[in-house]
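What follows is a single structure, written as structure tokens, with notes after it.
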């Protein structure tokens, strides 16, 4: 059951985070990941003009790297979580791009979370280890639910009354119906509270969110594009319009 949320007028119509400046100095080894990516080398500034911003692109394009760096700069745990959840199960330092970022805020958020689908299982393990009561996650262990149910329990219970949220592939365990429900949750928070969402996704359903900013990471430079210009929309539409022809050409 979806819990009720206290409604209040946002403090501002502006996004909480207004822009990011990236400055790579001469000490950076541009042959190391992620600094070897042309996208990272050529991106000097990212602006946020709407409550919801999507980063899209092929696997390895750099979208998750940008989100991880933002999360690192804000102070969220590297595996995901809030500022109070700080643990790391891997020695890989993917977030070091954050050391070269400067974030400019219109308003500092009162709440926030870095949801990282890849390591959400590890967050659930951590919460079990510390004996968390799970009150803010729906009242029971995330491991006592299916993969998709645990994802949705987070989205439906942990976002509170707004804040600054970074989602990396939130659709990974969600059915199409649950993805639509997530859109409804995002809309409610964006409409009634001071909330901002920065999301990396492959989902054409999530990308349809009205008036969102969409950045493509597929080129050598970050490019703002429209929903119907994304490959996610175009490939999905072409397939659904004629799956038989698409599969025949694919398998020939």
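Things worth noting here:
- Single unsatisfied condition, residue 97 versus (1) part of a loop (DSSP other than H, G, I, E, B); (2) at pLDDT 90 or above: (1)
- Check on residue 114, modelled with pLDDT of 90 or more, in contact with a strand residue (DSSP E or B) (Cβ under 7 Å, 6 or more places away or on another chain) and either at negative phi or in a strand (DSSP E or B) (or both): yes
- Of the residues screened, residue 233 is one that is modelled with pLDDT of 95 or more and surrounded by 13 or more Cβ atoms within 10 Å (Cβ to Cβ).
- Filtered residues of region 203-238 (kept if touching a helix residue (DSSP H, G or I) at 6+ places or on another chain (Cβ under 8 Å) and in a helix (DSSP H, G or I)): 206, 207, 208, 227, 228, 232, 233, 234, 238
- Boolean, residue 68 is at pLDDT 90 or above, under 22 Å from residue 127 (Cβ atoms), in contact with a helix residue (DSSP H, G or I) (Cβ under 6 Å, 6 or more places away or on another chain) and surrounded by 14 or more Cβ atoms within 10 Å (Cβ to Cβ): yes
- Tally, over region 187-202, of residues that are at pLDDT 95 or above, in contact with a strand residue (DSSP E or B) (Cβ under 7 Å, 6 or more places away or on another chain) and not in a strand (DSSP E or B): 1
- Criterion: surrounded by fewer than 20 Cβ atoms within 10 Å (Cβ to Cβ) and either in contact (Cβ under 8 Å) with a residue 40 or more places away in the chain or more than 25 Å from residue 69 (Cα to Cα) (or both) - qualifying residue of 250, 206: 250
- Members of region 48-62 that are more than 15 Å from residue 164 (Cα to Cα), modelled with pLDDT of 90 or more and out of contact with any helix residue (DSSP H, G or I) (no Cβ under 9 Å at 6 or more places or on another chain): 59
The values are calculated or read from the model by the stated rules, or taken from the named source; none is laboratory data. Predicted model, so just to flag it, every value in this text is computed and none were measured. Using ideal geometry, Cβ is built from the backbone for each residue, glycine included, and neighbour counts are taken over all protein chains shown.
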